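Comments concern the structure below.
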Amino acid sequence: MMNSRMWPDLGFGVGLRSEHFDELLHGGESCDWLEAISENFMDTRGRPLQVLETLRRDAPVALHGVALSIGSADPLNEIYLSRLAELAARIEPALITDHLCWTGVDGTHLFDLLPLPYTEESLRHVVERTKTVQDRLGRRILLENPSTYVAFADSDIPEWEFLAAVAERADCGILLDVNNVYVSAFNLGFDAAAYVDALPVERIGQIHLAGFTDLGDCLFDTHSAPVHPEVWRLYERVVRRCGRVSTLVEWDADIPSFASVRAEAEEASRRVRHLEGEGRGNTAIARSARRSVGAHPVALSA
Ligand SMILES: [Fe+2]
């Protein structure tokens, strides 16, 4: 069994993007922690890895992948896993995460995070592969709920039950992207609050926040805007239930200054502190705050 102490409390971070390298290296900018897209740093000859190693001296880093393709019918990519393991050994990340999705088949990479059919068959498939990946890396990973626009007609398990079952059976963590829940709930017509309420608290090791684009009859997960007020409300619902969870703001298009993105992370921090003030006494938030004292960001390694 696992409890909240198994996940480090990293605070409120920002997704590392090359547009911000100079501000972070030379502009005096910083934040609690950074999340690096794993695939962008696997080339050991490039400047990005040198930058990451420099920034890593001052802030914890999580490695966030987009190409593990945990749900694909293709065999796991051993070369990819070796490079990820090498990067992890070099960076010593606080967390290693990827998505509950597939990104290609028959050796073709489709450069998108595609949803899975949520069935018992695919559940067993994802669980076995997650166990293999964790054995290969020697530590737990966290899988993130994707933003979705279509669903398989064959799916007979709600996404939140599927994600919870993967986490329990594979003994992995959940990266809960609150924005993705809101986007998918709107697009597919399910209840976002019921989704976040159904996930096992002890498995949620990280939260993502981001902004979407409203196309009218569809919400598009663009990461190009501030966090929407309804997503903030959903985030507060998660915090009331789970207490403090390492929170990170993603921004991937129309990227503003680092300070502007960090302001969103600071807003998350302000809301959590406000909720802790409201809940001081005997709520989950207060208990979690006490547990997090002294937490070390790299103490997760299994
Ligand atoms: Fe995300």
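Taken together, the values in this text are just the output of simple stated rules run on the coordinates, not laboratory data. Here the structure is a predicted model, which means the values were calculated and not measured. Using ideal geometry, Cβ is built from the backbone for each residue, glycine included, and neighbour counts are taken over all protein chains shown.
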Per the helix-only model, the chain has a calculated mean residue ellipticity at 222 nm (DSSP H runs of ≥4, -39500 (n - 2.57) each, divided over all residues, rounded to the nearest 500) of -12500 deg cm²/dmol
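With charges set only on the Cβ (+1 for Lys and Arg, -1 for Asp and Glu), what does the dipole of segment 4-292 come to about its Cα centre, in debye to the nearest 20? Don't skip to the end; give the middle numbers.
Details: 29 positive and 46 negative charges, 283 e Å.
For this selection, approximately 1360 debye.
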Relative to the Cα centre, what is the charge dipole magnitude of segment 19-76, using +1 at the beta carbon of each Lys and Arg, -1 at the beta carbon of each Asp and Glu, and rounding to the nearest 20 debye?
-> 240
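Using the Cα centre of segment 3-137 as the reference point, and only Cβ charges (+1 on K/R, -1 on D/E), how large is the resulting charge dipole? Debye, rounded to the nearest 20. Walk me through the numbers before you get to the answer.
Values: 12 positive and 22 negative charges, 66 e Å.
Approximately 320 debye in magnitude.
Highest mean first, how do 133-142, 174-183 rank when packing is the count of other Cβ atoms within 10 Å averaged over residues?
Numbers: 133-142: 18.0, 174-183: 26.1.
So the order, starting with the most tightly packed, is 174-183, 133-142.
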All-pairs alpha carbon distance profile, the chain, 20 Å steps from 0, percent = 35, 61, 4
Sort Thr54, Thr148, Thr108 so that the residue with the fewest other Cβ atoms within 10 Å of its own Cβ comes first and the one with the most comes last.
-> Thr108, Thr54, Thr148
Give me the percent of DSSP beta bridges within the chain that run antiparallel, rounded to the nearest 5.
-> 15
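Just how many % of Cα pairs in segment 83-197 lie over 21 Å apart, if you round to the nearest whole percent?
Value for segment 83-197: 39 percent of Cα pairs lie more than 21 Å apart.
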Sequence order, segment 12-21: Karplus ³J(HN,Hα) from phi using 6.51 cos²θ - 1.76 cosθ + 1.60, θ = phi - 60°, Hz rounded, Gly and Pro as x, gives 10, x, 10, x, 6, 10, 4, 4, 9, 3
Could you line up Leu84, Leu219 from fewest to most neighbouring Cβ atoms inside 10 Å?
-> Leu219, Leu84
Taking Cα pairs under 8 Å and at least six residues apart, what relative contact order does segment 4-292 come out at, in percent?
-> 18
Could you point to the residue in Pro146, Ser38, Ala170 farthest towards the positive end of segment 4-292's charge dipole, with +1 and -1 charges on the Cβ of Lys/Arg and Asp/Glu respectively?
-> Ala170
